Structure formats: C-alpha cells, structure tokens
Amino acid sequence: MLCAGGALVGVINILLGAGGGILAVPILKKSGLTQKQAQANAVAVILPLTIISFIIYIKKEYVNFFDSLWIIPFSVLGGLLGTFIFRKLSSAVLKKAFGAFMIWAGIRMLWKL
C-alpha cells in the first residue's frame, strides 16, 4: 500500500507541478510518523521529484528562468520563515492547519473549473 502511495505521489507531483507533498503527508502518517515528522519527510520526498520534474520541464522547454527569477528570493525567505514557525507549532496545530489548507485549496480549485 505504501509503495502504491509513493507512486501516486510521484505521478501527482509530475502532472500537477505540485501536490505530491500534500499527498505524501497522510501516506507518511499512515506509516507511523507524527504530523511533524510526516511534514518534514514529505519535503525530503518531494526534493528528488522536483528535480525530476524540473529536468522534464526543461527538456520540453516549458521553463523560462526569467519568468520565475523574481519569485525565487521570496520563496527562500518564505521557506526560512516557515521553518521558524514549524519549530514553534505543536503537531496538533500543524494537523489542523494542514487540513484547513487542503480544504481551502480544494474549494478554490473547484471554483476555478
């Protein structure tokens, strides 16, 4: 079951350009990790998938570095801020925030169909 879940994480990440990490968290929790461990490990799982996606998108000429250059420094700052906040929050709060984000993202995507 976990192997199938891992494969699904890869497919979703490649097809949607994101979302694999969101799917990885519940799969990792099912394997016995805490909320914090699952979220941290999801980042480790997504790193190689992101590299593979990037290579595929470069080869297909979907990536224009100049289009995304402006967002990189802000993403790095957001990542550092998120790491600081992550360390301060309990697993219970992270679980609720994760669930709320998934609901918000799902509703937002449904409205944009």
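The values are calculated or read from the model by the stated rules, or taken from the named source; none is laboratory data. Please read these numbers as outputs of a predicted model, since none were measured by experiment. Cβ atoms come from the backbone with ideal geometry, glycine included; neighbour counts cover every protein chain shown.
Figures for the structure shown
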item: Residue in the range 46-64 that is at pLDDT 85 or above and touching a Ser or Thr at 6+ places or on another chain (Cβ under 6 Å) present; result: no
item: Test: residue 22 is at pLDDT 85 or above and either out of contact with any helix residue (DSSP H, G or I) (no Cβ under 6 Å at 6 or more places or on another chain) or surrounded by fewer than 11 Cβ atoms within 10 Å (Cβ to Cβ) (or both); result: no
item: Residue within the range 29-44 that is surrounded by fewer than 16 Cβ atoms within 10 Å (Cβ to Cβ), on the phi > 0 side of the Ramachandran plot and charged (D, E, K, R) present; result: no
item: Candidates 38, 92, filtered to the one that is in contact with a helix residue (DSSP H, G or I) (Cβ under 6 Å, 6 or more places away or on another chain) and small (Gly, Ala, Ser); result: 38
item: Condition broken by residue 58, with the remaining ones in (1) out of contact with any Phe, Trp or Tyr (no Cβ under 7 Å at 6 or more places or on another chain); (2) of a type in the set (A, V, I, L, M); (3) under 23 Å from residue 105 (Cα atoms) satisfied; result: (3)
item: Some residue of the range 22-42 being without any contact (Cβ under 8 Å) to a residue 24 or more places away in the chain, in a helix (DSSP H, G or I) and β-branched (Val, Ile, Thr); result: no
